[in-house]
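The block underneath contains the structure these notes are about, expressed in structure tokens.
The values are calculated or read from the model by the stated rules, or taken from the named source; none is laboratory data. Not measured: the values here are computed from a predicted model. Positions of Cβ are generated from backbone atoms using ideal geometry, with glycine treated the same way; all protein chains shown enter the neighbour counts. Each accessible area value is taken on the protein alone, full model and side chains, heavy atoms only, with ligands, DNA and RNA left out. Shrake-Rupley method; radii C 1.70, N 1.55, O 1.52, S 1.80 Å.
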Amino acid sequence: YADAVIETVAELLPVLDNLERALNAEVSSEEAVKLKEGVEMVQKQMIDSLQKLNVTSIKALGEDFDPNLHNAVMHVEDENVTDNTVVEEFMKGYIYNNDRVVRHSMVKVAN
């Protein structure tokens, strides 16, 4: 069962990513604002469905880099941040039952 959930959720995550991208778009017209509200409702419904399957997002921003949860795709030197701290999240990661990674978070890490 767990393998089936993980494989199915992994196939659906790009849809959730695209909903998030749509919500990051700037809108100004009243019609666009209403459309964005509809997209927010769909995103919330998808997240609620994932939670019912015991799939949650991995906390990354501001956390210590953990190769078991995070995939570092960039590094940056920043004196204001402690070593191996995640300073930017490019793509959210998800975990099943708090122990099996569905997808690693794609992050930038400060060194």
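One residue stands out among those in segment 43-65 that are more than 17 Å from Leu13 (Cβ to Cβ) and surrounded by fewer than 15 Cβ atoms within 10 Å (Cβ to Cβ): the one that is farthest from the chain's Cα centre (by Cα), which is Asp64.
Taking every residue in segment 75-87 that is within 7 Å of Asn111 (Cβ to Cβ) and of a type in the set (Asp, Glu) and pairing it with any residue that is modelled with pLDDT under 90 and open to solvent by 50 Å² or more (accessible area, probe 1.4 Å), at least 6 positions away or on another chain, the pairs with Cβ-Cβ distances below 7 Å are Glu77/Asn111; Asp83/Asn111. Considered as a group, the residues in segment 88-100 that are assigned to a strand (DSSP E or B) and in contact (Cβ under 8 Å) with a residue 40 or more places away in the chain include one that is surrounded by the fewest Cβ atoms within 10 Å (Cβ to Cβ), and that residue is Arg100. Name, by its number, the condition in (1) among the acidic types (Asp, Glu); (2) under 16 Å from Arg100 (Cα atoms); (3) in contact with a Leu (Cβ under 7 Å, 6 or more places away or on another chain) that does not hold for Glu40. Unmet condition: (2).
Given the condition touching a Lys or Arg at 6+ places or on another chain (Cβ under 7 Å), closer than 26 Å to Lys108 by Cα and of a type in the set (A, V, I, L, M, F, W, C), answer yes or no: does some residue in segment 30-52 qualify? Within segment 30-52, not a single residue is touching a Lys or Arg at 6+ places or on another chain (Cβ under 7 Å), closer than 26 Å to Lys108 by Cα and of a type in the set (A, V, I, L, M, F, W, C).
For (1) within 27 Å of Val5 (Cβ to Cβ); (2) among the basic types (Lys, Arg); (3) open to solvent by 90 Å² or more (accessible area, probe 1.4 Å); (4) assigned to a strand (DSSP E or B), each residue gets a yes or a no:
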{"position": "Lys34", "(1), (2), (3), (4)": "no, yes, yes, no"}
{"position": "Glu37", "(1), (2), (3), (4)": "no, no, yes, no"}
{"position": "His75", "(1), (2), (3), (4)": "no, no, yes, yes"}
{"position": "Asp78", "(1), (2), (3), (4)": "no, no, no, no"}
{"position": "Val102", "(1), (2), (3), (4)": "yes, no, no, yes"}
{"position": "Met106", "(1), (2), (3), (4)": "yes, no, no, yes"}
